[in-house]
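**Student:** There's a structure below that I have some questions on.
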Amino acid sequence: MLLRRLEKFFDGDASGGIVLMVAAFAAMLIANSSLFPFYDGVLGSYVAVTLSGSGVEKPLILWINDGMMAVFFLLVGLELKRELLEGKLKNPSDIVLPGMAAVGGMVVPALIYLAFNLSTPETVGGWAIPAATDIAFALGVLALVGDRVPSSLKVFLLTLAILDDLGAILIIAFFYTANLHLDYLFLAAIPLFLMFMLNRAGVHRIAPIILLGVVLWVLVLKSGVHATLAGVITAFFIPMKDKWGKSPLHALEHALSPYVFFLIVPIFAFANAGVVLTGVSASDFLNPLPIGIAGGLFAGKIIGVFGMTYLLVKMGIAKMPYGASWVHIFGVAALAGIGFTMSLFIGGLSFEDAYHMNEVRIGVLSGSILSALVGFTVLKFAPSVETAKPAVKDVGVTKPVVQEPAD
């Protein structure tokens, strides 16, 4: 009975978000208890992997953020490639609305953050922190609403979040790269070429590509470009179809998903969400850094996502998700403000000192929690929309034709 319940829980759409919340809550409890020195000491302890005196030596927290999160980005890359080749991103017309909503949901939060931090040079570099959406967390909250919302909203939010992640990856690549070492970048071309050849050959066994991806990770790390990008690059060399017609990409994505959502991401949350509240007053939440992040996540996502969607629909450029109302769009726009994993990740790239990172955690947690509560409440009590009225041609689906009985 217990095993069946556990299996049912882990198969649910909300399970990843729930595990993530538990890990974050545990980190906050420990960070504000007598266990904090031990927690901080373990995360700060150095771990080295060397060969003949040469290798990689980093604190444990960076092994988690640079190493384990590379696997997370590998899964993101696999999902992106699958969606581009055979999924929701295959047809350009299908991505106009969520794509432009994602753009609005990245630009407006960044502008709100800058409005609060432009006059403080030490924090202005964190402008990208509120631009990201946490897919697992947002979809988990949406799943808690149940069948009160049309299924088209899940597709809309998922596509928006995927494109949002792509934007975050580009931001990391272009704006969070310092001290480039071109020699290591040139060396990185070797595993890239070998992965390309394996992909062209349609290999079924992906272990050689993964091993080359590890080599690529080390070289990218040494080059100064953020190492997690190696995960995304490796994903795009995993064949969609091998020479026997099977899909190594689907197999790897299916195999990685439970480990990423139930192990890697919770460990990342546990290591990064430990906000220290000792000595923090209500006024500290209004400091430029946390208020810029929280305001960007909550208000910025709603304004950017909802505003861009409203503009495109009213201009006739795109159509509303089937069966959705403007109240539903508002609720989904609020859920897009759950930045958690990606926001904490970019925050770690923006600031290295403990004081600013604690402010980042305050802003990310407060903005994400507020977004989750408002989004859930709005969607839970949103009135249902009659879905039989739109013509079949307007929704892109085929419905059976019911003949009226003869008199």
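The values are calculated or read from the model by the stated rules, or taken from the named source; none is laboratory data. Since the model is a prediction, treat every value here as computed from it, not as a measurement. Note: ideal-geometry Cβ built from the backbone for every residue, glycine included; neighbour counts use all protein chains shown. Ligands, DNA and RNA are stripped out before the accessible areas are found, and what is left, the full protein with its side chains, is counted by its heavy atoms. Shrake-Rupley method; radii C 1.70, N 1.55, O 1.52, S 1.80 Å.
**Student:** If a/c stays under 1.5 just call it rounded; otherwise compare a/b with b/c (prolate if a/b is bigger, oblate if not). Do that for region 75-219, with a ≥ b ≥ c from the square roots of the Cα gyration tensor eigenvalues.
**Tutor:** Because a/c hits 1.5 or more and a/b fails to exceed b/c, region 75-219 counts as oblate.
**Student:** Which residue fluctuates the most in the chain, going by a Gaussian network model with Cα springs under 10 Å, if the choices are Pro321, Pro59, Pro121?
**Tutor:** Looking only at Pro321, Pro59, Pro121, the biggest GNM fluctuation is shown by Pro121.
**Student:** On the first, second and third principal axes, largest extent first, how far apart are the outermost C-alpha atoms of region 1-159 in Å?
**Tutor:** Taking max minus min along each principal axis of the Cα atoms, region 1-159 gives 57, 52, 40 Å.
**Student:** Counting only Cα atoms, I'd like the Rg/Rh figure for region 166-255, Kirkwood definition for Rh.
**Tutor:** 1.02
**Student:** Can you tell me the relative contact order of the chain? Whole percent, Cα pairs under 8 Å, sequence separation 6 or more.
**Tutor:** Value for the chain: 27 percent.
**Student:** Moving on. Which value in nm describes the separation of the simple spin-label points at Leu111 and Thr50, placed 7 Å from the Cα toward the beta carbon?
**Tutor:** 5.2
**Student:** So, one more: Write down the Å³ per residue value for the convex hull defined by the alpha carbon atoms of region 243-387.
**Tutor:** 191
**Student:** Sticking with this one: Using only DSSP helix segments of four residues or longer, with each worth -39500 (n - 2.57), what per-residue ellipticity at 222 nm results for the chain after dividing by its residue count and rounding to 500?
**Tutor:** Taken over the chain, the calculation gives -19500 deg cm²/dmol.
**Student:** Compute the distance from the alpha-carbon center of region 266-299 to that of region 136-205, in whole Å.
**Tutor:** 26
**Student:** Okay, next question. Using the Cα centre of the chain as origin and beta-carbon charges of +1 (Lys, Arg) and -1 (Asp, Glu), tell me which of Val203, Val76, Ala173 is placed farthest towards the positive end of the dipole.
**Tutor:** In the chain, that residue is Val203.
**Student:** Give the shape of region 255-297 as rounded, prolate or oblate, defined through the alpha-carbon gyration tensor: a ≥ b ≥ c are the square roots of its eigenvalues, a/c under 1.5 means rounded, and otherwise the shape is prolate if a/b is larger than b/c and oblate if not.
**Tutor:** Cα axes put region 255-297 in the oblate bin.
**Student:** Follow-up question, since we're still on this one. So how far apart, in nm, are the two label points at His254 and Asp94 if each is 7 Å from Cα heading toward Cβ?
**Tutor:** 2.0
**Student:** With point charges of +1 on the Cβ of Lys and Arg and -1 on the Cβ of Asp and Glu, referenced to the Cα centre of the chain, which listed residue (Thr341, Gly126, Val103) lies farthest in the positive direction of the dipole?
**Tutor:** Toward the positive end, the furthest listed residue is Val103.
**Student:** How many times 2.2 N^0.38 Å is the alpha carbon radius of gyration of region 214-293?
**Tutor:** Rounded to two decimals, the normalised Rg is 1.69.
**Student:** Using R₀ = 25 Å, calculate the FRET efficiency as 1/(1 + (r/R₀)^6) where r is the Cβ-Cβ separation of Asn32 and Thr377; round to 0.05.
**Tutor:** 0.35
**Student:** Starting from 0 in steps of 10 Å, tell me what percent of the Cα-Cα pairs of region 79-146 lands in each bin.
**Tutor:** Taking every Cα pair in region 79-146, the percentages come to 18, 31, 33, 15, 3.
**Student:** Here is a follow-up. In the structure shown, do any of Lys154/Lys380; Lys319/Lys380; Lys58/Lys301; Lys81/Lys314; Lys222/Lys301; Lys90/Lys222 have a Cα-Cα gap over 26 Å, and if so which?
**Tutor:** Checking Cα-Cα distances, Lys58/Lys301; Lys81/Lys314; Lys222/Lys301; Lys90/Lys222 exceed 26 Å.
**Student:** When only C-alpha pairs under 8 Å and at least 6 residues apart count, what is the relative contact order of region 245-398, in percent?
**Tutor:** With pairs under 8 Å counted, the relative contact order is 32 percent.
**Student:** Which residue, Leu297, Leu78, Leu29, tops the fluctuation ranking in a GNM of the chain built on C-alpha contacts under 10 Å?
**Tutor:** Fluctuation is largest for Leu29.
**Student:** Still on this structure, I have one more. At 18 angstrom or more along the helix axis (alpha-carbon based) and mean Kyte-Doolittle of -0.5 or higher, what helices does the chain contain? Whole DSSP H runs only.
**Tutor:** 15-31, 69-86, 92-117, 151-175, 182-200, 207-223, 354-380
**Student:** Further question on the same structure: In whole percent, and with a 1.4 Å probe on the protein chains, what portion of the accessible area of region 100-201 is carbon and sulfur?
**Tutor:** 73
**Student:** Follow-up. How charged is the neighbourhood of Val276? Take every other residue with its Cβ under 14 Å from the Cβ of Val276, and add Lys/Arg as +1 and Asp/Glu as -1.
**Tutor:** -3
**Student:** Using a 1.4 Å probe and counting only protein heavy atoms, arrange Glu122, Glu253 so the residue with the most accessible area comes first.
**Tutor:** Correct descending sequence by accessible area is Glu122, Glu253.
**Student:** A further question follows. For region 304-356, report the % of Cα-Cα distances exceeding 14 Å.
**Tutor:** In whole percent, the long-distance tail amounts to 64.
**Student:** With a ≥ b ≥ c the root eigenvalues of the C-alpha gyration tensor of region 110-191, is it rounded (a/c under 1.5), prolate (a/b larger than b/c) or oblate?
**Tutor:** In terms of gyration-tensor shape, oblate.
**Student:** Hey, could you pull the Cα Rg and Dmax for the chain, both in Å?
**Tutor:** 22.3, 91
**Student:** Let me know the whole percent of all Cα-Cα pairs from region 56-108 that are separated by more than 14 Å.
**Tutor:** Beyond 14 Å sits 68 percent of the P(r) for region 56-108.
**Student:** Follow-up question, since we're still on this one. Give me the Kirkwood hydrodynamic radius of region 136-288 in Å, from all C-alpha pairs, to one decimal place?
**Tutor:** Every distinct Cα pair counted, the radius reaches 18.7 Å.
**Student:** Of Ala282, Ala102, Ala189, which is the most mobile in a GNM of the chain whose springs link Cα atoms less than 10 angstrom apart?
**Tutor:** Most flexible of the set in this elastic network: Ala282.
**Student:** Search the structure for amide H atoms under 5 Å from the amide H of Ala128, placed 1.01 Å from N in the peptide plane, and list their residues when 5 or more places away or on another chain.
**Tutor:** Under 5 Å from the amide H of Ala128: no residue qualifies.
**Student:** Right, here's the next one. Which whole-number percentage describes the relative contact order of region 289-378, with Cα contacts under 8 Å and a sequence gap of 6 or more?
**Tutor:** Computed value for region 289-378: 49 percent relative contact order.
**Student:** What figure, in Å² to the nearest 10, do you get for the accessible area of Tyr184 with a 1.4 Å probe and non-protein molecules left out?
**Tutor:** Accessible surface of Tyr184 is approximately 80 Å².
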